[in-house]
Structures are given as structure tokens and as C-alpha cells.
């Protein structure tokens, strides 16, 4: 993630996301080496995310078998067990999310049309098996993004395979457009209960406040300043940790906003365009997430 | 401040008030605030039998400094006015409580 290498230690970060895309033309597993070296150099531990991606060479979409093979290779490389590990690995990746924000409805990520629900379910099952085969003590983090797909998956894939929940929160606790949304952080427990996933640790693996109801506000209508975000951050994080709603957070909007870029919105970012610190930094550091 | 806390507890402080007590390294740290746009509220915060607590605003001023005040109290509770900006209230868990017998 941009900014972590340079500012991770100063920001007091402990964890960051390590997203790894694999395609039918590239699933050898060493793609994340540069990022791992960068983040471990500043004492930050990786949270691995493996996603199937369209082949840049125009080939076919990756198959479930190829995806599982990629998962096995990648996990083996970064699990720190001494077998086929990345040279110089200091902080192994022990928590892995397979397939971020999948939705057969087309919501969120722009996955290719070949990535049907059936393919998703196959990839999850084969990928999870490959993960545990390569690293029995690694944890499978599951992103329950779209209820219909999750319900279908859990019909074939036991919830016992899931070690923790990866939840994405873009809505502050107490400044909300739609309190009924499943994406509202106050509804985590109810949503997971409905899915049969209660009782599992919840990690907020995408965390920032720029949409307030699970659907993006129109550009320019975001109401919060950096001071507002600092306050909302402390409120929401304090509530989450204090109530037990979640156990860990990975704040995602550390980087400065680039020209013509919509995200991160000004109020959310930890670093400004000049890479200076925002007023949000100090409350963030007090929590040392 | 609160990361790697050893225990946590939700506090019942009244309508529109959020309060959580964290314990870490023989310190008690409470985080207290009120729901957005509900104004300020008087609360009574249960604390260990110490006599002093440090109350610190959770959001810094424009200079990056956190406003902090040392407050004295007795009887195991601290009267406090809270608003939507959370405050940390720190007290030593081991202090006070009478002379050892």
C-alpha cells in the first residue's frame, strides 16, 4: 500500500493488506516479494489477500484448480515454515483472505463475467484446502460481501472452515445515512448471525469513512473534515473494541490523494498530497492499530 | 494507549452515552463520549479507588496537541461532562484503596 513503506512506522501501523492477483497466465507466487520486503522493513505485518484476476495476456479466466495451485504456492512462500520461503522473510503471513468482495450481482469489484457464483464456490473450496495444506496453522479470513453468494457457498462449504471474518467498514458508528444497511458497522453481529457465522473473530480489514451507508455518496458530498474523521475514528474504534464487535482494524486510506483521483477523500486520508501528516494522525497513533 | 489491552468492559452511563473501560498494565483507561448531535451530558464514571485521573481529549487541537486535565475525585467515581468528542480517562488501578493491613 502506498505510504506504508515510507510512513508505516511513523504512523504506528502494525498490519497492512497485501493483495495478490493471480491469473491463468501468472500464478507462480512470488509477485508480492517487493511489497513484503518493504513493509517488514518498517515492522509491519502483512494480511494476505489472494484474488483471481483476468489474464493480462488475453487468455482465459483462471480456473479453480489454477487458483488453488496459486494459493498453495503463495502461502508456502510467505508462511515462514522454512520450506520454500521468500529469502529474507521476517514476518510470515499467517492470515489469508481468499477472494475479496465477490458478488455475482456485479456489485463492487469488476470481476470478469466468467467469474460466476459456481466458479467462486469452487475456488473458495479448493483454495481453502490448498491454504490449509500449505500452512495448517494459517487462518482463513472470509469476506462475507454479498449475502446471496455467501448463503450459497455455506450450503456446500462448512462455516467451520472459516477462522475469522473480514469485514469492510466505510461508515462511522454514529454518522450514518442508512442504519439498516448490512454494511453499517453497527449491524455486523446481526448480519453474521443471519449467515450462521456468529462467534468468529471479526477483523475490519478495510476501514475508512467515506460512504456512510454502503453505497458511495456522490463526489463532493462527503461531509467530514479530517477532524470529523479523527473523532469518528475514535468513536467507532472505541465502540468496536470496547463492545467486542471487532478485534482488529486495518485502516486503508493512508496514502495521499493523487491528481484526478476520487479516493481517498480529503477527510479520510492520513497523509496529504504533500505527504505531510493530517490532523487525523495523532488519534490514529494513539490506538496503534 | 489502548492497543493490546488486557480486558474490556462496556459501561452503562445513560442514554446517548458510550463508555468503555479498558485495563492495561495496571492502568484503567475509560473512553467516554456522547452520541453525535446530542450535546453535552453529565456522567458519573466508576473508577478504581484512586484519587486522581487524567482526562485527555481524543482529538488533538490544530497544533497536534491533546488537551489534558488532571482531576481529583473520591469514592470511586468521577463526575464528568462529556460531548461527542471522546475523552480518555486514565487512572492507576493499584493506587489508593487504603493502607495495607
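Laboratory data are not the source of any read-out in this text; all were calculated from the coordinates shown. Just so it is clear, the model here is predicted, and its values are computed rather than measured. A quick note on method: Cβ atoms are made from the backbone with ideal geometry, for glycine too, and the neighbour counts reach across all protein chains shown.
The label point for residue A:189 and the one for residue A:133, both projected 7 Å from the Cα toward the Cβ, are 4.0 nm apart. With R₀ fixed at 22 Å, the C-beta to C-beta distance from residue A:277 to residue A:177 puts the FRET efficiency at about 0.15. When both bridge partners sit in the protein assembly as shown, DSSP labels roughly 60% of those beta bridges antiparallel. Take the Cβ atoms of residue B:54 and residue A:10, set R0 to 35 Å, and the FRET efficiency comes out at 0.90. Between residue A:158 and residue B:65, the simple label model (points 7 Å from Cα in the Cβ direction) yields a spacing of 6.0 nm.
Subtracting the Cα-Cα distance of residue A:26 and residue A:90 from their residue separation scaled by 0.36 nm leaves 20.5 nm.
From least to most packed, judged by other beta carbons within 10 angstrom and beginning with the fewest, B:78, A:197 follow the order A:197, B:78. If R0 is taken as 22 Å, the Cβ-Cβ distance between residue A:147 and residue A:60 corresponds to a FRET efficiency of 0.15. Placing dummy labels 7 Å off each Cα toward the beta-carbon, the span from residue B:72 to residue A:42 is 4.6 nm. Residues of the stretch B:1-33 falling in the label zone of residue A:243, defined by backbone nitrogen less than 15 Å from a point 7 Å along Cα to beta-carbon, are B:9-21, B:32-33.
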